[in-house]
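Asks: Encoded as structure tokens, here's the structure I'll be asking about.
The values are calculated or read from the model by the stated rules, or taken from the named source; none is laboratory data. If you're wondering where the values come from, they're calculated on a predicted model, not measured in any experiment. For neighbour counting, all protein chains shown are included, and Cβ atoms are generated from backbone atoms with ideal geometry for every residue, glycine included.
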Amino acid sequence: MPKAYPYVGPKEIAARASGSVPGTVFSSADDLAAWVQAAETSRGRVTAMFVVDAAGRLRLADRRSEHVACAGGSPVLAAGEITLSIRAGRVVAEGVSNQSTGYCPEPESWPAVSAALAAAGVEPPEGYSTELSFRRCPRCDQINVIKDQLLECAVCGSALPMAWNLGPATEV
């Protein structure tokens with residue numbers, strides 16, 4: 001069962017994002033290819049922000065936007081960054097991460113990404129190319145990215161919990 005991750009980032013960012021247009025939904029390879037071609041850089045690829053919404057749909061937005069805006073403020077099944085290019089007329093996912101400090105999705109969110117990419121006509125990679133784990137410090141409330149398996153708050157030095165603890169993720 002997939003989990004739906006609530007927004008856990010700063011309230012000011014959510015407030016700024018409220019009322020903005022959510023990310024574009026993609027459900028066909030042709031629509032996604034047109035978006036990539038319009039957005040791609042001189043290197044022939046585009047890195048974008050993505051979410052998989054609660055309905056399992058892939059949503060993309062400019063990398064400089066916020067995940068909470070891309071999701072329309074709603075909970076997501078996954079969030080992160082994706083690098084796309086077009087090779088031999090097909091959209092290719094060159095890299096996908098779960099890098100979102102607004103939603104902090106667990107690495108276990110990958111199946112939702114894989115299914116959303118497949119539904120949008122993109123063969124998904126085997127998993128996240130960059131996989132992050134997040135924890136909230138119970139002492140100072142800071143969100144931490146876990147590095148080198150060190151469960152220690154980067155701000156106050158307190159021990160971090162073994163399990164994901166960023167919000168009331170619910171099964172959908």
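Asks: Scan ASP148, ASP141 and give me the residue that is without any contact (Cβ under 8 Å) to a residue 40 or more places away in the chain, within 25 Å of SER18 (Cα to Cα), out of contact with any Gly (no Cβ under 7 Å at 6 or more places or on another chain) and not small (Gly, Ala, Ser).
Replies: ASP141
Asks: Further question on the same structure: Might you check whether a residue that is in contact with a Leu (Cβ under 7 Å, 6 or more places away or on another chain) and assigned by TED's automatic domain parsing to the domain that holds ASP30 occurs anywhere in segment 72-84?
Replies: Within segment 72-84 (the criterion being in contact with a Leu (Cβ under 7 Å, 6 or more places away or on another chain) and assigned by TED's automatic domain parsing to the domain that holds ASP30), the answer is no, since none of the residues qualifies.
Asks: Which ones in segment 124-151 are aliphatic (A, V, I, L, M), part of a loop (DSSP other than H, G, I, E, B) and under 16 Å from the mean Cα position of the chain (by Cα)?
Replies: LEU132
Asks: Let me ask something else. For segment 27-49, indicate whether the set of residues that are touching a residue at least 60 places away in the same chain (Cβ under 8 Å), part of a loop (DSSP other than H, G, I, E, B) and out of contact with any helix residue (DSSP H, G or I) (no Cβ under 7 Å at 6 or more places or on another chain) is non-empty.
Replies: yes
For (1) β-branched (Val, Ile, Thr); (2) part of a loop (DSSP other than H, G, I, E, B); (3) closer than 24 Å to LYS3 by Cα; (4) in contact (Cβ under 8 Å) with a residue 60 or more places away in the chain, each residue gets a yes or a no:
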position: GLY56; (1), (2), (3), (4): no, yes, yes, yes
position: ARG59; (1), (2), (3), (4): no, no, yes, no
position: ALA69; (1), (2), (3), (4): no, no, yes, no
position: GLY80; (1), (2), (3), (4): no, no, yes, no
position: LEU84; (1), (2), (3), (4): no, no, no, no
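Asks: Quickly run through segment 132-145 and pick out the residues that are under 30 Å from ALA93 (Cβ atoms) and either surrounded by 15 or more Cβ atoms within 10 Å (Cβ to Cβ) or at pLDDT below 95 (or both).
Replies: Once the filter is applied, which keeps residues that are under 30 Å from ALA93 (Cβ atoms) and either surrounded by 15 or more Cβ atoms within 10 Å (Cβ to Cβ) or at pLDDT below 95 (or both), segment 132-145 yields LEU132, SER133, PHE134, ARG135, ARG136, ILE143, ASN144.
Asks: Here are some residues: VAL96, VAL68, VAL25. Which one is farther than 29 Å from ALA163 by Cα and not basic (Lys, Arg)?
Replies: VAL25
Asks: Take the residues in segment 93-112 that are over 9 Å from the mean Cα position of the chain (by Cα) and closer than 20 Å to VAL36 by Cα; name whichever of them is surrounded by the most Cβ atoms within 10 Å (Cβ to Cβ).
Replies: Checked segment 93-112; the qualifying residue surrounded by the most Cβ atoms within 10 Å (Cβ to Cβ) is ALA93.
Asks: Right, next: If you go through segment 136-172 one residue at a time, how many are of a type in the set (D, E, K, R) and closer than 29 Å to THR24 by Cα?
Replies: So the count comes out to 1.
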